[in-house]
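Each remark here refers to the structure printed beneath this line.
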Amino acid sequence: TIIDEQGMPLPGVSIIIENTQTGTETDFDGNYSIKAKPENVLIFSFLGLKTVKQTVGKKTTINVSMISDNQLEEVVIVGFGKQSKRTVTDNIASLTSKDLNNIPISNLQGALTGKAAGVQIQQINGKVEGGVKMRIRGVSTISSSQEPLYVIDGMPLINDDESVSDAPMNPLISLNPNDIESIQILKDASSAAIYGARGTNGVVLITTKQGKSGKTKISVNSSYGWSEATNTVKFLNAEQYIELFTEASANSYGADDLWLTEPGGYFDDMANGLDWRTGEVDTDWTDYALVNGSVQDHSFSISGGDEKTVFYVSGAYNNTEGIVRGNSLERYSYRGNLDHKVSDKFRIGLNSSLSKTQISRIGTDNSFSTPLQAIAQSPLNPAYLDDGVTPNNESTIYYNFLMQEYNGSWDVNITRAIMNTFAQYDFTPDLSFRTEIGYDSNNQLDEYFAGSLTESASTNGYADATSIQSDKYNINNYFTYQKSFNTSNLEVVAGMSFEESSRKRQYVAGTGFPSDELQTVESASEITAGSSSRTKYNFLSYFSRATFSLYDKYLLKGSIRYDGSSRFGADNRYGIFPAASVGWILSEEDFLKNSNTVSSLKLRGSYGITGNAGIGNFASLGLYSGNAYNKTSSLSPSQLANSDLKWERTTQVDVGIDFGFLNNKITGEVDYYVKTTNDLLLNEPVPGTSGWSSITRNVGSMQNSGFEFVLNTTNVTTSNFTWNSSLNLSTLKNEVTKLPNGDIVAERNLVREGETISSFYLVEYAGVDPDNGDALFYTNTTNADGTLDKTKTNVYSDAERIVTGNPYPTLMAGFTNNLSYRNFDFSFTFQGEWGASIYNEGGKFQSGNARYEDNQTVDQMNRWQNPGDITDVPQARMYSTNGQQASTRYLEKSDFIRLRNLSLGYTIPRNVTQKFSVDRLRIYFTGVNLLTFTDYTGYDPESTYDNYGNSSIQKGIAFYSAPPAKTFTLGLNIDL
Amino acid sequence: CNDNLNIEPEQYLSTEVVISNSENLSKVLNNAYNDARSSSSYGGSIAIASELIADDGDLWWNGTYVDPGEFIEKAMLSDNGFVESIWMNGYDIINQANIILGNSSVYADEDEKQTAEAEAKFLRAMVYFDLARLFSKPYTNGIQNTQLGVPLVFTAVLDPKNIDYPTRNTLEEVYTQVIADLTDAYDLLPSSNGVYATKYSAAALLARVYLQMGDYTNARDMANEVITNSGASLTNSFSGAFNNDENSEEDLLAWQVTSQDASSNYLNLFFAGSDFGGRSGNPDIDVEDQHYEIYDDSNDQRANFFYEAKYWCTTKWQYQFGNIPFIRLAEMYLIRAESNFRLTTTVGDTPVNDINILRNRSTASTFNSVDLDIILMERKRELSFEGFALFDAKRLGNNIGTISYDANQLVLPIPLRETDANTNLEQNPGY
């Protein structure tokens, strides 16, 4: 009989005779039987428990008590190897498949939200393929890449946004989250420095699932869900619209001017034949733009193996219909992982995956064809013509987005193949050599068509096709030497890595189509544009790491990486990135060893240097590109040379404590870090009088610092009821510490010495003059004593801009609870962010007291009307500016707490399911973004303008940005 | 492995290769024309700014863009995107002209060198002239115009070390430079030069500059030089002067637009109905009833050069891929007529004959005599929607509604990004 720590029988334990393929498994009562010879060794294994080996000998009954793999004995993946969590001296956030499973989100980053301290994950807005920003310990760079390095099974992934529009797409959208076994986020420099020049933004190590020897296991997961927008904003109905705009016109042109309301007037125009006077038309455009979505996710996996070979094969299908009309995603994915021992000394393996993703895209937030811009249309505009089918594009204020769905399409097809193969040879038990070859291929085809009724009417339709082939191959070769002495352990890793990335792109566009049925460029009467291009970059690196522990309590680690990249000038091509860390396991000392309270205690400290090379492939060169005038070739200056360009370097210091109390019922980590980036890579704006707008330079410094706090508690463990909690909190302070050439202003955002990067820089709104309804602003000129003059003025140009808030939260928290009671399991995660603000760039149109004919948010009904009125909304004056200028009027705090996900499951008792040969059958409900608590009045505190998705300075701007989905899912897990 | 780190760009040439070879340098010159044609400059933004800011009821802005809306409201903000792109693209053209002028020693052929330099000067002067007209208070003849102009930059920036932070020159200095460059261009350019600037393009632009300055003698003489010697002639009908794939016989310089240049023609994008390449829904800029009052003869082709696309549009910019006339011979007749009238001379021909030549071409009845008002009204009939409105208002001292012709709000703000990037630049009053 096999029992667990509590003495309960363990069903499903795999038992294998070493070096054979013979094996069995325990039954429901924990019993098993197997035929074996006395010299055989039995291997007992079970997920989450320590594997046990027993020689058979003369015994006929072998009872085993298996103990759990203590959390501190957990193994974490580090770059080029793994390490026991107990002896790790770095700050690494570790997540397992348990944290990710069954969250019905089509992108893997989304499932990580709120789970790791110091990691902010934000999908730009509610479009399904939308870019996701992961910021690990803040933003440590201004103009170069802010994205972490993603490494899957040892292979750096292609992570280039290949969107053909300004709105980024998530490059990892083609990965199936169900295949992930674990994710480690390397946060401090000591852990990330092994990735040298690309470690500054942190490293995300993804490990995919492997089979386990024993009985072949088949798992099936199937779920179906519904979704809707987390929030909508109320706009004026027809009656309110008529009231407000009639008043606005009267204020501008006098009450006698009836151009809006007279027969044949503008309102009649808008209503396109319907009678707005009798309420015949009252269109709620939000209802057309934001729709009910759905999510389907089906996957299966088959895994197993014997002593020599293990395998994992999976297939999955995901179909997400977005909440923004016309936006959807469909993904088919496959994975096959194989690991084989050729001999005791020689191992080979292959991890391969293939996926095909189809996305129906919609316009960027800054296009009339994007659904959410429909909220700008008047409620007097009918959505459709009389036939009820053809979208009304005759009388809408703006292009009617429904036309795009009716008479156009935009489809993206992505095929992605990732292959990793490795061979490992153990020369001696101490010394091994591993070689890894990885290949990542991302092929994308983008096809766009706009028919004869769309914005491309004048050319009788428009179509284009863009094809991208992106390839990356990577070779790692390294030795690992591991030796245990009496009182100490030593591990040394040394090796090299080479990586080459190339990208090819072809594009063709045409106009003039004989019919709207013919939608490919082949049918175009004229080819209006075309191009093809090739580019490449590579990295050559050498690295080494030594880990040493003495008496199993004094820990020491040092690493060094030497990186070269084609991206930098010939004189600055190489960089050296060293790191060191120390640890002291106090709980191993005599004075604590027998403590009943303190079960583990470790002090850590680390220091390291990482780099950032996330700039253009040829950023150091002076470049001219081909162009044309009158179909004759020309050369266009496109980049100023800067041969001094070099790596951006980040130095990070981290001190931390890992603790465990009461037999590790309470565990946690506290960290403080300071991250200083020097030689900031900066696209510095230069005076336009030079003929240039910006150049890439190394200037300036920036610092991020913060506390991170993680607390895991086991609140209840009884045989029927368990309850675990995990809380993480992190603070972040960002400051630009040096900017020699002065401020960089990018519209609303400012980079200034002494301030947080991307701080908002705006004129301060001072409300409304009660006497005349004028919008007022604080002048904020600086007085002689350095204070700001708070005089109010109605002359906008007399008011100075001030720094007022920033787009990054200063405090983030996540709180996860896992409960199980008998066959029920229940878990939920709350997540919160505090300290950030959002500026609504669309505010002047949406909440602009009827300056433009755009529909207005209902709060604009509180406009100033009569002398003495006290309100924040200025007098409505049609076509005349009164408070719509950029100011803090459109800036809002975006603090929020959100019930990020919740799941409730029930597992049918095993004795029932076994009758149908089913090991486990679980039905569950999952919800995402079910509740949001915020004072933010815009669409969503996490939705921002996707046109700025790739801007590193312009952050925290909203512009017709769709809210994320709130999703309800029902699902089924079956294990055979 | 080290060699693997040397990767050459496949879509770009390096600065050294470009400036050391005359063929490549000529392609930079060609690109300067391309940038001049772009929507940010002569492909529309400058003309639209002029027409909308000077509008007093002839036009209406239906469009959704905020920036032109600020023009017609005469309430520009310093972050106006059109204003920024006019400035940025203007200096981009100037820099390319300076690249030619600073490296022209690589031309082996003296004639080629001379032509390239003269074209570069032509383009540079053209841009400075329009920047000065947009970003400065009006020029007054006969006094030193010490009001702020725009920064004059003569050195090509090929290396970040050459970037400097200039202050604004006076308007007088800018005009002096414009005249000097254009005079060189007039002296050195050939009389025919394909679709590029010729001797007579330079003479015609000089006529325009002198007129703006109130120097009627030089304006008259240059206009007369063009009419007499350029070989250009008026098209047979008014419509023949517009919406052409190839330059018409009256174009002294036109910006070339081909089907490869979709959406680079803002005049079309904003003035045309959506069936003709204009923005969706309606013409963003429609022509209101008030405008039609300027036509005195219903047979005048110009009075009928409109079409309906929800609202009324000018037919001048009806063709998305048509060339954009920059200087038409018709303007020279108008300059000569006005200058002769003001100077009471008849160089070339009498004012009444010059005016009647234009009226004949458009099948309008002719005049027996003209006065200044008639000449200026004829100018409006001929040149409406081509970007003259604001500059004529400032030149003639015509107020726009109740706004004085020299008011702060009729001068563009120096772009905010520019005063942010260069604190030496003084902002215009009122911003």
| remark: Going from the fewest other Cβ atoms within 10 Å to the most, one would list A:Thr787, A:Thr51 as A:Thr787, A:Thr51
| Using 1/(1 + (r/R0)^6) with R0 = 41 angstrom and r between the beta carbons of A:Arg910 and A:Asn663, what's the FRET efficiency to the nearest 0.05? | 0.90
| Between their Cα atoms, which of A:Lys115/A:Lys733; A:Lys665/A:Lys733; A:Lys53/A:Lys85; A:Lys472/B:Lys27; A:Lys85/A:Lys115 are more than 26 Å away from each other? | A:Lys665/A:Lys733; A:Lys472/B:Lys27
| Hey, what did the stretch B:54-204 get for relative contact order, percent, Cα under 8 Å, at least 6 apart? | 21
| query | For chain B, what relative contact order do you get, as a whole percent, if you take Cα pairs closer than 8 Å and at least 6 residues apart? | reply | 20
| Among bridges DSSP assigns within the stretch A:2-69, what percent are antiparallel (round to 5)? | 85
| note | Around A:Val582 (Cβ within 12 Å, Cβ-to-Cβ, excluding A:Val582; K/R +1, D/E -1) the net charge comes to +2
| note | Neighbours of A:Thr650 by Cβ distance under 13 Å: Lys/Arg at +1, Asp/Glu at -1, summed charge +1
| request: Grab the DSSP H runs of the protein assembly as shown that are 4 residues or longer, score each as -39,500 (n - 2.57), total them, divide by all residues and round the 222 nm result to the nearest 500 deg cm²/dmol. | output: -5500 deg cm²/dmol
| Which percentage, to the nearest 5, of the DSSP beta bridges contained in the protein assembly as shown is antiparallel? | 95
| said: If packing is taken as the average count of other Cβ atoms within 10 Å, what order do B:139-147, A:683-691 fall into, highest mean first? | reply: A:683-691, B:139-147
| said: Under a Cβ-only charge scheme (Lys and Arg +1, Asp and Glu -1), can you give me the dipole magnitude of the stretch A:2-69 about the Cα centre, in debye to the nearest 20? | reply: 360
| Tell me, in nm to one decimal, what length is gained between A:Tyr317 and A:Arg822 on full extension, where the rule is 0.36 nm per residue of separation less the Cα-Cα distance? | 178.7 nm
| For A:Val389 and B:Lys310, what is the calculated FRET efficiency with R₀ set at 25 Å and r taken between the beta-carbons, to the nearest 0.05? | 0.65
| task | Please arrange B:Lys113, A:Lys602 by counting, for each residue, the other beta carbons lying within 10 Å of its beta carbon, fewest first. | result | B:Lys113, A:Lys602
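Could you pull out the trypsin sites (Lys or Arg not before Pro) across the stretch A:773-834 that fall in loop regions by DSSP (anything but H, G, I, E, B) with no more than 16 other Cβ atoms inside 10 Å?
Loop-located and lightly packed - A:Lys790, A:Arg822.
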| message | I want to make sure I understand the PRE zone here: with the label point 7 angstrom from the Cα of B:Lys161 toward its beta carbon, which residues in the stretch B:16-39 have backbone N atoms less than 12 Å away? | response | none
| task | With both partners inside chain B, how many of the DSSP beta bridges are antiparallel, as a percent to the nearest 5? | result | 95
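Which of the chymotrypsin sites (Phe, Trp or Tyr not before Pro) across the stretch A:449-494 are loop residues per DSSP, with 10 or fewer other Cβ within 10 Å? Don't jump to the answer; show the numbers that get you there.
On the way: sites: A:Phe449, A:Tyr462, A:Tyr473, A:Tyr478, A:Phe479, A:Tyr481, A:Phe485; in loops: A:Phe485.
Qualifying residues, ordered by number: A:Phe485.
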| note | Note, B:Leu269: beta-carbon cut-off 15 Å, +1 each Lys/Arg, -1 each Asp/Glu, net -4
| Which whole number gives the average, over all residues in B:31-39, of C-beta atoms from other chains lying within 10 Å of the residue C-beta? | 4
| remark: When B:Asp289, B:Asp56 are ranked with the fewest other C-beta atoms within 10 Å first, the list becomes B:Asp289, B:Asp56
| the stretch A:836-976, relative contact order [Cα under 8 Å, separation at least 6], % | 25
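Any read-out appearing in this document is the output of simple, stated calculations on the displayed coordinates, not a laboratory observation. Everything quoted here is computed from the prediction, not taken from an experiment. Cβ sites come from the backbone with ideal geometry, for glycine too, and all protein chains shown count toward neighbours.
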